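Have a look at the structure below before the remarks.
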Amino acid sequence: MTWILVSVITFSLAVAVIGIVGIIRDGRRISTVVYAILGFAAAVFSLGFLLFERGHPALLLGVGITALIVLVLGNILGYPLLVVFLLWSGLTVLRRESRTLGNALALLAGISLIALTATLRLLEPQGTVQDDPAYMIRYGVHFAVALVVAYVGFAFAAFIIASLLYRWRPSRATPEAIVVLGAGLIGGQVPPLLAGRLKRGLQVQQMFGGTPLIITSGGQGPDEPVAEGTAMRNYLIEQGAPPERVAAETQSRNTVENLRFSAELLSGPSSPMVVVTSSYHAFRAALLTRSLGMRAHVVGARTAWYFLPSALLREFIAVVRDRPRLHIVCVLLLVAFAALFTIILVPAMVPPEYAPG
């Protein structure tokens, strides 16, 4: 048993180190954060079991007590507070911003969390463990739903942690250009959200001595009298930016095209750039720069607090949508595990007095 635990500890630490090195080297991958979290957690648990086997239960006991405290506080305090915050944020966004599905995500998430607790209680098998088909089907469905919910929660937590780690990451190269991503015009004018990005772009330019070219990126929408890139460039010039240090990219229609078409204005495909967007969108933009093979660092402009929950949920959904096969496979594996667990182990948990024969 000892050699098995030592092997697990060694492998887990190797996985954690791979994740930490990946975070340090680039930071534009969620998988590295997952490696670091799971590797470290597995190493600690395995080490706890190894010490317990040798008569030293302190580590395993400490981990268990900590997990229990987190679980209890999370259910008693964290979950209700999260629901209240999401409902409050969602209603605030709808009151202050446009009433769109994207802006309603925080409100919908709060309502979904309320419905989730009721659904899990409804599905939860009641009474003594039995091995009749009706009980086992209910047990398996409840277990599968719980596993899928836990998976979504873990994936969202990994996304948030990776986003925060990337946000604190400094730019390591002097950029040739600073690309400011468009966000839509209102009546042909730059709205506050986009103005925040442009002002952040000016700040970054000044950080590098005013040398990098600012590229304002955005095409013309069907309801816009002028291309976003042009309006953005005009705004920066009005703010005091030298006209010769600002260029407009006016053909793009989405974030990927913003990045691709702006990169074509640089001296070469490996030229370093800084991309400026809103804080909630920065990490997903960074993921896109990596997938496009760009040497880029993404920074975010401040966003109103009440807007963040809906915006982050929208970004998370977009990240999941970008890798649908991975998440579908993971969900199917969890459902299969729940089914096998129910079929193989639940009958073994039936009390002897209720066992057939």
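The values are calculated or read from the model by the stated rules, or taken from the named source; none is laboratory data. Quick caveat: nothing in here was measured; it's all calculated off a predicted structure. Every residue, glycine among them, receives a Cβ derived from its backbone with ideal geometry; neighbour counts consider all protein chains shown. To get the accessible areas, we keep the full protein, side chains included, count just its heavy atoms, and leave off ligands, DNA and RNA. Shrake-Rupley method; radii C 1.70, N 1.55, O 1.52, S 1.80 Å.
Ranking request for peptides 332-338, 38-44, 72-78: highest mean number of other beta-carbon atoms within 10 Å first, then the rest in descending order. Walk me through the numbers on the way to the answer.
On the way: 332-338: 14.4, 38-44: 17.1, 72-78: 11.1.
For the peptides 332-338, 38-44, 72-78, the packing ranking is 38-44, 332-338, 72-78.
What are the semi-axes of the equivalent ellipsoid of region 7-142, taken as the square roots of 5 times the eigenvalues of the Cα gyration tensor, listed largest first and rounded to whole Å?
Working from the Cα gyration tensor, I get semi-axes of 35, 28, 16 Å.
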Report task. Compute the convex hull volume of the Cα atoms of the chain, divide it by the residue count, and report the result per residue in Å³ as a whole number. Result -> 178
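Return one quarter of the surface area of the convex hull spanned by the alpha-carbon atoms of region 178-252, equal to its mean projected area, in nm². Mind dumping the intermediate values first?
On the way: hull surface 17.0 nm².
Averaging across all directions leaves 4.3 nm² for the Cα convex hull.
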Query raised in the report: Which of the trypsin sites (Lys or Arg not before Pro) across region 1-75 are loop residues per DSSP, with 13 or fewer other Cβ within 10 Å?
Result: 54
Report summary line: Per residue, accessible area of region 186-342 with a 1.4 Å probe, heavy atoms of protein chains only, in Å², comes to 50
Report summary line: Bounding extents of region 116-234 in its principal axis frame from Cα atoms, largest first in Å, are 73, 39, 18
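Please report, in whole Å³, the volume per residue of the convex hull around the C-alpha atoms of region 86-143. Could the numbers behind the result be given before it?
On the way: hull volume 4.7 nm³, N = 58.
Cα convex hull per residue, to the nearest whole number: 82 Å³.
Please report, to one decimal in angstroms, the Kirkwood hydrodynamic radius of region 262-322 built from all distinct Cα-Cα pairs.
After inverting the mean inverse Cα-Cα distance, the result is 12.5 Å.
If you roll a 1.4 angstrom probe over the protein chains with everything in place, what fraction of the accessible area of region 7-86 belongs to carbon and sulfur, to the nearest %?
Working: 4180 of 5060 Å².
With neighbouring chains kept in place, the figure for region 7-86 is 83 percent.
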Query raised in the report: Can you tell me the Rg and Dmax of region 206-357, counting just the alpha carbons, in angstroms?
Result: 24.5, 89
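How large, in percent, is the carbon and sulfur part of the accessible surface of region 107-210 at a probe radius of 1.4 Å?
Details: 3660 of 5540 Å².
Carbon-and-sulfur percentage of accessible area, whole number: 66.
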Requested in this report: Grab every C-alpha pair in region 1-73, bin the distances at 5 angstrom width from 0 up to the longest one, and report whole percents.
Outcome: 3, 18, 19, 18, 17, 14, 8, 2, 0
